[in-house]
Amino acid sequence: MEKQRHTRRNKKRRIGRYIFLLLLVCLIGAGSFLFLTAKDVKQTVHDIQKKSAAIDEGITSEKVKKKERINILLLGIDEREFDSGRSDALLLMSLNPADESMDLISIPRDTRTEIIGHGTVDKINHAYAFGGVDMSLQTVENLLDIDVDYFAEINMQGLADLVDAVGGVTVENNLDWYDEGFYKKGYHFKEGKISLDGQQALGYTRMRHLDPNGDFGRNARQRQVIEAVINKGANIKSINKLDDILNVLGKNVQTNINLASMRHLLTDYRNVLNSVQEHEMSGQGTKIDGIYYLVVPEDEITKIHNSISD
């Protein structure tokens, strides 16, 4: 009986590891996709499903079956009381099972580009406010001349809840600064290795005005926290933490990755973290009609495009 209980505990830990990583769209870990048949996991996957008219699911399905490179757009949404919110963070994940690699590309929210479907040139994070996920997907596709196969959106408070659900994270902070109010006014984020709970992590990822690198520094901190959450989630040993994670995901995440796709991704894309490359889209900050934009040159866009094109 004890052995049976031990097996169930181990199985649930694995469920937590796999579903957690997949729903964060990083698709790491190993093992049998049979663990994804657990009832609580299937219900969570059902709860977070969201279709996108901008993605041809048939084409995506074929790419996954053929084990081709796929691109996933992760949107961190800053929800607002009087509008639909803006994409506070845009991270493109390009998974290439052929050479077992993953590219993480931060797209600064102030990037000036054509907003597809809106007929304007504006900051890329406004695409979500104008047309939700579909307009964001189409705009990113047009900017980088690529196809996006999957998306996952999570509100920024949900990121804080995820940090708490995994028991906090530890990051290497390269900038000593005092918070202006995103977490707690006057709170000291010390340089070096620091431990963060959910609200501290939210403050850590939102600050940019005190950073000499501005939005680029903030993007780097967002990647730090996301990677720390992923790594912590991959080692979850507590069943209670698993339940907390599933609860947070069910309330805060939406994605078009269904259970069948997750099974394929688990078996064929699980080694992509053998090699991870991070890219920060760079450009020149400038004001146009009194509004700040990041103007990204064509050669930079071409470089990013080439890095994720086979």
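Quick one: plug the Kirkwood hydrodynamic radius of the range 71-193 (C-alpha pairs) into Stokes-Einstein at 20 °C, 1.002 mPa s, and report D in µm²/s. So the translational diffusion coefficient is about 132 µm²/s. When the alpha carbon gyration tensor of the range 132-265 is reduced to an equivalent ellipsoid, its three semi-axes come out at 27, 22, 13 angstrom, largest first.
Pull out a ≥ b ≥ c, the square roots of the eigenvalues of the alpha-carbon gyration tensor of the range 187-305, then state rounded if a/c is under 1.5, prolate if not and a/b is larger than b/c, and oblate in the remaining case. Verdict is oblate for the range 187-305.
Tell me, Tyr183, Tyr178 in order of fewest to most beta-carbon neighbours within 10 Å?
So the ranking, lowest neighbour count to highest, is Tyr178, Tyr183.
The DSSP beta bridges internal to the range 70-217 are antiparallel in roughly 80% of cases. List, in the order given, every pair from Lys50/Lys185; Lys190/Lys303; Lys193/Lys287; Lys65/Lys251; Lys42/Lys184 whose Cα-Cα distance in the structure shown is over 32 Å. The answer is Lys50/Lys185; Lys190/Lys303; Lys193/Lys287; Lys42/Lys184. Label separation (Ser195 vs Ser307): 3.4 nm, computed from points 7 Å beyond Cα along the C-beta direction.
Throughout, read-outs are computed from the coordinates displayed, never taken from laboratory work. Given the structure is predicted, the values throughout are model-derived calculations rather than measurements. With ideal geometry, Cβ positions are generated from the backbone for all residues, glycine too; neighbour counts draw on all protein chains shown.
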